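Worksheet for the structure shown next.
The values are calculated or read from the model by the stated rules, or taken from the named source; none is laboratory data. All of these numbers come straight from a predicted model, not from anything done at the bench. Neighbour counts are summed over all protein chains in view; Cβ atoms, including those assigned to glycine, are modelled from backbone coordinates with ideal geometry. Remember, those area values only see protein heavy atoms, side chains included, never the ligands or the DNA or RNA. Shrake-Rupley method; radii C 1.70, N 1.55, O 1.52, S 1.80 Å.
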Amino acid sequence: MMKYFHRQVQLWGEETQTNLQSKRIAIIGSGGLGSSLAFALGASGIGEIHMIDFDEVSLHNIHRQIAFKTGDEGKNKAEVNAQLIEQRCPFTKAIPHNCDFAGWIQKNIDVDLIIDATDNLPTRGEINTYAKEKNLPWVYGSVEAFHGQVCFIEESSFSDAFKIIQKTPAGIAAPIVMHIASLQANLALRYLAGLSVKKDMLYYLYFNEEGELITQKFGLPK
């Protein structure tokens, strides 16, 4: 195993890498963010990854949802992602759940961290409520057009910081999806590896009219 994870072991040592095998996470959503999260975290040596999504792959998903290829149309997204994870890393168990978040809750599965890869505010509100009930941290992420947001939420409340509404997102550029998912994955992996993480800090990234990448930080209310 250590040969497979050689570069990570160089970063944090064999003990930390071995400890990752005991960690369990849930990724809620297996589309744009979820695909990239699965790709990034699925080969990091986390012991168990639960992929939750009731949706099927559509043709218009494929350009920005990197787990999928033409020919995958009609397949369940969570199942395709779980298969990809286990193909890339034999040391990680990937479990697909063909259901929504409420359905997954009913299964009473214990995890160390929840990662939001949904595309709507109401479900994020449900994740926040569940995480508070279970005293679990979770990683929020959202994308739209050329901008996105990321936050590692522990003490703050998503529902207090954001107005929970139904909103149809604007168009999305494929690279920003991968960028935001990468930031989420880095926060998650640092936390699971026992490294420091700035919590309850919202990072807002966007390109201005001149094409400059701007990053702003906001502390969420606790």
Can you compute the label reach from Met1? Point 7 Å from Cα along the Cβ direction, backbone N cut-off under 13 Å, restricted to the stretch 46-64. 46-48
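Using the Kyte-Doolittle scale, find the helices of the chain whose mean hydropathy is at least 0.0 and whose Cα atoms extend 15 Å or more along the helix's long axis, counting only whole DSSP H runs. Write out the running numbers ahead of the final one.
On the way: long enough: 6-20 (16 Å, -1.31); 77-88 (17 Å, -0.82); 121-134 (20 Å, -1.24); 174-192 (27 Å, 1.01).
Correct list, ordered by number: 174-192.
Leaving out ligands, DNA and RNA, what percent of the accessible area of the stretch 110-222 is carbon and sulfur, probe 1.4 Å?
Values: 2930 of 5770 Å².
Carbon and sulfur together cover 51 percent of it.
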Give me the one-decimal nm value for the distance between modelled label points at Met201 and Glu154, 7 Å along each residue's Cα-to-Cβ direction. 1.2 nm
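On average, how much accessible surface per residue is there in the stretch 1-53, in Å², for a 1.4 Å probe, leaving out ligands, DNA and RNA? Please list the in-between numbers first.
On the way: 2080 Å² over 53 residues.
Result: 39 Å² per residue.
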With a point put 7 Å past each Cα toward its Cβ, work out how far Cys99 is from Gln10 in nm, to one decimal. 4.3 nm
Relative contact order, percent, the chain [alpha-carbon distance under 8 Å, six or more residues apart]: 20 percent
Approximate spin-label separation Glu56-Ala174, in nm, with each point projected 7 Å along Cα-to-Cβ: 2.3 nm
Residue among Lys198, Lys23, Lys93 with the largest mean-square fluctuation in a Gaussian network model of the chain, springs linking Cα atoms under 10 Å: Lys198
